[in-house]
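Step one of this worksheet: look at the structure below.
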Amino acid sequence: MTNTAAVSSSPQLDVVGELGRPPVERRWRAVWLGFAPVVGVLVPLVVWQIYVNVADVKEVVLPAPWDVIRGIWDDLSFYVDNARTTLWEASVGFLIGGAIGVIGAIVLAHSRFLERAAMPWVVVLQVTPLIAYAPALVIWRGFGFQSVVLIVAICCFTPFLVNGIVGFRSVDTDLLELARSVDASRLETLTQLRLPSALPSLFSAARIGVGMALMGAVLGEFFGGVSSGLGYAIKVAQNRNLSLQLWGCVFVLAFLGSVAISLITLAERFVLHWHASQRN
């Protein structure tokens, strides 16, 4: 009892707190970590800018990042219009592929036989370069929006399926036994146990799926016979040797992906505030 009282009244624990650092130090550490992404982005761009200026690289070979940013600003409506098209295609395909992947994960997580039967096709879908069968998909579904969305959905399907299976099976077996003991239905077990356990894996799949969705949209625009979108603009820039436009599209795609991942991370922090992965 004496030892417990001594520990509880220790001034060191009151000042330092449970994380082992004073509150002021924790705040400065949070600010410093908040600047880490800014430093991580700016340092390579500065090095790139210096290299282009010092080596006197021609713009047609490799434009300086500042010239690319200025080119985007000078023709902002062009990039906004094309980004809107690509973002719409990527979003629709992401939602369709993600929904089908999650449904498939729920089914396969309940049956080892079905999982083993389906996994060879999942592996084939995952390891085969999409560019190899994207033209075939366009021939099958025709040119236009539908083909692009189909390509995006295929890109996003696999990460949601694979991560979802792992997540839905990560429930504590003791909790599953408890649910069976109280005659919980499959739906109740799914919504109350399996889904909360799968959420971290599904959010990880969403972060992977963002990049896959943008990649699929660009690739679909390459082959899909569309007349707008960042992928189409990249194709035109490549054919006409428009280096600034090509890199401008790359920068806009990187910006869209970064914003999407940031939004997913914020949603994850809000939804999974109770989970150990969100504790600092």
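Every number here is computed from the coordinates shown, using simple stated rules; none is lab data. Remember, it's a predicted structure, so these values are computed and weren't measured experimentally. Note that we place each Cβ from the backbone using ideal geometry, even for glycine, and neighbour counts take in every protein chain shown.
What order, most packed first, do the peptides 120-127, 98-105, 71-78 have when packing is the mean number of other Cβ atoms within 10 Å of each residue?
Highest-to-lowest ranking by the protection proxy: 98-105, 71-78, 120-127.
What ranking of Tyr133, Tyr232 emerges when the number of other C-beta atoms within 10 Å of each C-beta is taken as an exposure proxy, fewest first?
Tyr133, Tyr232
Quick check on packing: order 82-94, 249-261, 147-159, 182-194 by the mean number of other C-beta atoms within 10 Å, highest mean leading.
So the order, starting with the most tightly packed, is 147-159, 82-94, 249-261, 182-194.
Before rounding to the nearest 500, sum -39500 (n - 2.57) across all DSSP H runs of length at least 4 in the chain and divide by the residue total; then give [θ] at 222 nm in deg cm²/dmol.
Mean residue ellipticity at 222 nm (helix-derived): -27000 deg cm²/dmol.
Report, in debye and to the nearest 20, how large the dipole of the chain comes out about its Cα centre when Lys and Arg carry +1 and Asp and Glu carry -1 on their Cβ.
Roughly 260 debye for the chain.
For Kirkwood radius over Cα pairs in Å, the choices are (1) 20.4; (2) 19.6; (3) 22.4; which was calculated from the structure?
It is the value labelled (3).
How many times 2.2 N^0.38 Å is the alpha carbon radius of gyration of segment 174-280?
Scaled against compact globular proteins, the figure is 1.62.
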